[in-house]
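Step one of this worksheet: look at the structure below.
No lab work stands behind these numbers, since they all come straight from the coordinates. Keep in mind that this is a model prediction, so the values were computed, not measured. When we count neighbours, we look across all protein chains shown, and the Cβ atoms used for this are built from the backbone with ideal geometry, even at glycine.
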Amino acid sequence: MQEIKQFNEQRAEIYWWFSSLFSKELTDEELKAYQSQQVRGFLQGLSENEELKKATDSVIESLNKLQDREDAQLELSADFCELFLTSDKHAALPYASIYLDEGKLLNGKPAQEMAALMQEKGIQVDKNFNEPADHLAIELDFLAISSSAQTSLSKKPIWKQP
């Protein structure tokens, strides 16, 4: 049982990490944090999993290369913009509605369904994050909360209302 709890905690951490990466561009301060012992330890811990080792080693190598660049934050911000903030013809927009809804518009059925699910579970999006509920960062955060809830030894998730 302890193994499952530890697995779910690590899974939640990974989901939260990815959620933070897909939510916005990294600031200088956030980028510097990637050089900290805490983050490097987290990444080293991930690399202990054989299935994650190659990808984690690649992330660590990229972070090491970024240390030598004075314009690292600016370059990463430009990459983020190019990847997620341009048109759907040239980017991977982080909204499920673009891919799953027939209309291919923001705030489509997937966004409405996710908003309803979050409301049902008593989860609210930070008002400062002005994105539809089907934004990838929100969905990853929801998965993290769900995984974290599974670490409780009770059979009832902690985020579910009585």
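If you take the beta carbon distance between Asp28 and Ala91 as r and set R0 to 35 Å, what does 1/(1 + (r/R0)^6) give as a FRET efficiency, to the nearest 0.05? Calculated transfer efficiency: 0.90.
For region 71-157, the spread of Cα coordinates along the three principal axes comes to 46, 37, 21 Å, biggest extent given first.
Listed values for region 76-92 are Karplus-derived 3J(HN,Hα) couplings in whole Hz (6.51 cos²θ - 1.76 cosθ + 1.60, θ = phi - 60°), namely 5, 5, 5, 5, 4, 4, 5, 6, 10, 10, 9, 6, 5, 6, 10, 9, 9, and x replaces Gly and Pro. How far is the Cα center of region 1-36 from the Cα center of region 63-121, in Å? Centre-to-centre distance over Cα atoms comes out at 17 Å. Quotient of the Cα radius of gyration of region 16-58 and 2.2 N^0.38 Å, N being its number of residues: 1.23. Most tightly packed first, judged by the mean number of other beta-carbon atoms within 10 Å of their residues, the peptides 131-141, 75-85 read 131-141, 75-85. Given q = 0.15, 0.28 Å⁻¹, what are the Debye log10 I(q)/I(0) values for region 1-77, with equal point scatterers placed on the Cα positions and solvent ignored? At q = 0.15, 0.28 Å⁻¹ the computed log10 ratios are -0.58, -1.48. When you work out D = kT/(6 pi eta Rh) for region 79-119 at 4 °C and 1.567 mPa s, using the Kirkwood radius from C-alpha pairs as Rh and the Stokes-Einstein form, the result is 120 µm²/s.
Label point of Leu21 set 7 angstrom out along Cα-Cβ; within region 74-88, amide nitrogens under 20 Å from it belong to 74-86. Taking the inverse of the mean 1/r over every pair of distinct Cα atoms in region 2-149 gives a Kirkwood hydrodynamic radius of 17.0 Å.
For region 39-107, trypsin sites (Lys or Arg not before Pro) meeting the loop criterion (DSSP other than H, G, I, E, B) and having at most 10 other Cβ atoms within 10 Å: Lys89. For Lys127, the aspartates and glutamates whose Cα comes closer than 17 Å to its Cα, not counting residues fewer than 8 places off in the same chain, are Glu139, Asp141. Look at the alpha carbon pairs under 8 Å that are at least 6 residues apart: their mean separation over the length of the chain gives a relative contact order of 32 percent.
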